Every structure is written in structure tokens, then in C-alpha cells.
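What follows is one structure encoded as C-alpha cells, with my remarks underneath.
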Amino acid sequence: MKIIDIISATPELLKSPFSGSIMSRAIEKGIVQINIHDLKDFSNNNKKQIDDYQYGGGSGMVLMIEPIDNCISHLKKSNDYSEVIFMTPDAKKLTQKISNKLSISGNLIILCGHYKGIDQRVRDNLVTMELSIGDYVLSGGELPAAVLCDSIIRLIPGVLNDETSALEDSFQDGLIAPPVYTRPSKYKNLKVPEILLSGDPKKVKEWREKKSDEKTKVIKP
Ligand code: ADE
């Protein structure tokens, strides 16, 4: 079983992403265990302080190293981890290739950033990988952590009922997946492409490859 420990200053934001669909199924099947840790529980301070003003001045509070170090050390007492991943917009972007790699790696710690940032000593000394989910700034790393988990978990063998469906995802072979249709074959004046109704698997395959190429050229030239 793969263990994913997520460390967050606002753990309530992480409740719903794991309580439905494929991720909750993977948890129920015992394929993955997701543990959410509240950073405040690892503060040595009786006010449960986890952030403070930044040295040198400047607006915004910065997450302190001590509670993060306490939490990571506590987790490492019980498990080994392949990576300690920090979610932050100023990092290399998550790709399907990275998700593939992480899906077959060992246990993971995911650290969610918050507020103005995090003490740089955490990034320099405790974190082994930094990931962004895109060039935009969210209020914290919780939603990005959920995105990362979703992209990893669905790739673990046994999570999807039809394992081939993950292999045919967009990006798995560098191509965008072709369009798909379902019943009815005609809705108002909108028709499903004839070829998909032809029952000719060779023609259907050719059509899908052509559409996939066309889409890829437009979206990822
Ligand atoms: N935290 C805030 N914005 C983020 C982003 N785009 N990716 C990862 N972590 C983030």
C-alpha cells in the first residue's frame, strides 16, 4: 500500500477531494492511504503558532520551519518516503511523466504552502521535490496537492476498473485523446460521426488517430 501524508495549515480544505469517486475507491480498496496532518498540531508553541513575520520586513506571514520539521520527523519515524514534495507556484510544472513516476514510487509526503511563503530553510533542507500545477497563484497548496494525488492515484494498478483506460489518457503517449460520443446518435440536429457507428474497428482506429493528431497539433503544436 502506498502512503501519502499531506501536511497542511488548513486541513479542512482537503476533506472533500478524497471523499468521492476514484480516490475514495482507491482508499477503500486499501491501495492507497491518505493521511492529512494539521501543522498546528506540531507547533511547540502554546498558541499553536505556525507562521511569523518575515525577517527584513515585508507583508505577509511566513510558515515557520519548526512545526514542519517536527511533523516530517514524526512521520519518518514510522515510514520511509521516496519524496517530500512541496507544492508551490514557483517550481517546475507537474506533467503526466512526473505523475507516472510518482505512481510507482514509494510513500510520499506532500507539504502545502500557505500565506506569503515558507521559510527557505524548509525548501533547502527538508524538501526533495517542488511542483507547481500551473502558472497561476492559488491561496495555498491544498488544491494543488489534491490535484497531484488524483493524477498519481488513478495510475496505480488496480485503482481503475479498466486499467487500459489510464493508458489511453491524453498525454500518456504525448497525444491528446480523440473526442468521444455516446447515445443518442442524433440529438436535435447534432449527429455522432458516421464512422463511429460503422462497426469497422480499423476505420474507427484510423479516425481516432487522425482526430488525436489534429487535436494535438492545435493544443500542443
Ligand atoms: N500554491 C499556490 N499556487 C500554486 C500552484 N499554482 N501550484 C502549486 N502550488 C501552489
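Here is how the numbers come out for the structure above:
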| read-out | value |
| --- | --- |
| Exposed GluC sites (Glu not before Pro) absent: longest stretch of the chain, with sites in DSSP loops and at most 14 other Cβ within 10 Å deemed exposed | 1-162 |
| Extension gain from residue 185 to residue 97, taking 0.36 nm per residue of separation minus the Cα-Cα distance | 28.1 nm |
| Within a Gaussian network of the chain (alpha carbon springs, distance under 10 Å), most fluctuating of 72, 176, 85 | 176 |
| Chain lengthening between residue 1 and residue 15 when straightened (0.36 nm per residue, less Cα-Cα) | 3.0 nm |
| Label-point gap, in nm, between residue 213 and residue 61 - each point 7 angstrom along Cα→Cβ | 5.7 nm |
| Residue among 107, 161, 35 with the largest mean-square fluctuation in a Gaussian network model of the chain, springs linking Cα atoms under 10 Å | 161 |
| ³J(HN,Hα), Karplus 6.51/-1.76/1.60, whole Hz, each residue of segment 115-128, x for Gly, Pro | 6, 6, x, 9, 3, 4, 5, 5, 5, 6, 10, 10, 8, 10 |
| Check: segment 2-153 dipole with +1 on Lys, Arg Cβ and -1 on Asp, Glu Cβ, in debye | 340 debye |
| Beta bridge orientation in the chain: antiparallel %, DSSP, nearest 5 | 20 percent |
| Exceeding the 29 Å Cα-Cα cut-off - candidates 29/211; 2/215; 188/215 | 29/211; 2/215 |
| Electrostatic dipole magnitude of segment 175-219 [Cβ: Lys, Arg +1; Asp, Glu -1; Cα centre; debye, to 20] | 180 debye |
| Rounded to the nearest 10 Å², the accessible area of residue 24 at probe 1.4 Å | 20 Å² |
| Spatially proximal aspartates and glutamates relative to residue 97 (Cα-Cα < 13 Å; intrachain offsets below 8 disregarded) | 169, 173 |
| Portion, in percent, of the accessible area of the chain that falls on carbon or sulfur, probe 1.4 Å | 53 percent |
| For segment 59-156: accessible area per residue (Å², 1.4 Å) | 47 Å² |
| Neighbour cut-off at most 13 other Cβ (10 Å), DSSP loop, trypsin sites (Lys or Arg not before Pro), segment 186-218 | 188 |
| Accessible surface, 1.4 Å probe, highest first, among residues 68, 133 | 133, 68 |
| Furthest towards positive pole of dipole, 127, 152, 4, structure part segment 2-153, Cβ charges | 152 |
| Accessible-area value, residue 1, 1.4 Å probe, nucleic acids and ligands omitted, Å² | 130 Å² |
| Segment 175-219 - accessible surface per residue (Å², probe 1.4 Å) | 85 Å² |
| Separation of the residue 49 and residue 165 label points, Cα + 7 Å toward Cβ, nm | 5.1 nm |
| Span from the segment 105-146 Cα centroid across to the segment 160-221 one, whole angstrom | 35 Å |
| Estimated inter-spin distance, residue 198 and residue 69, nm [label 7 Å along Cα→Cβ] | 6.7 nm |
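The values are calculated or read from the model by the stated rules, or taken from the named source; none is laboratory data. Values in this document were obtained by computation on a predicted structure and should not be read as measured data. Here the Cβ is made from the backbone with ideal geometry for all residues, glycine too, and neighbour counts use every protein chain on show. With ligands, DNA and RNA removed, areas are computed over all heavy atoms of the protein, side chains included. Shrake-Rupley method; radii C 1.70, N 1.55, O 1.52, S 1.80 Å.
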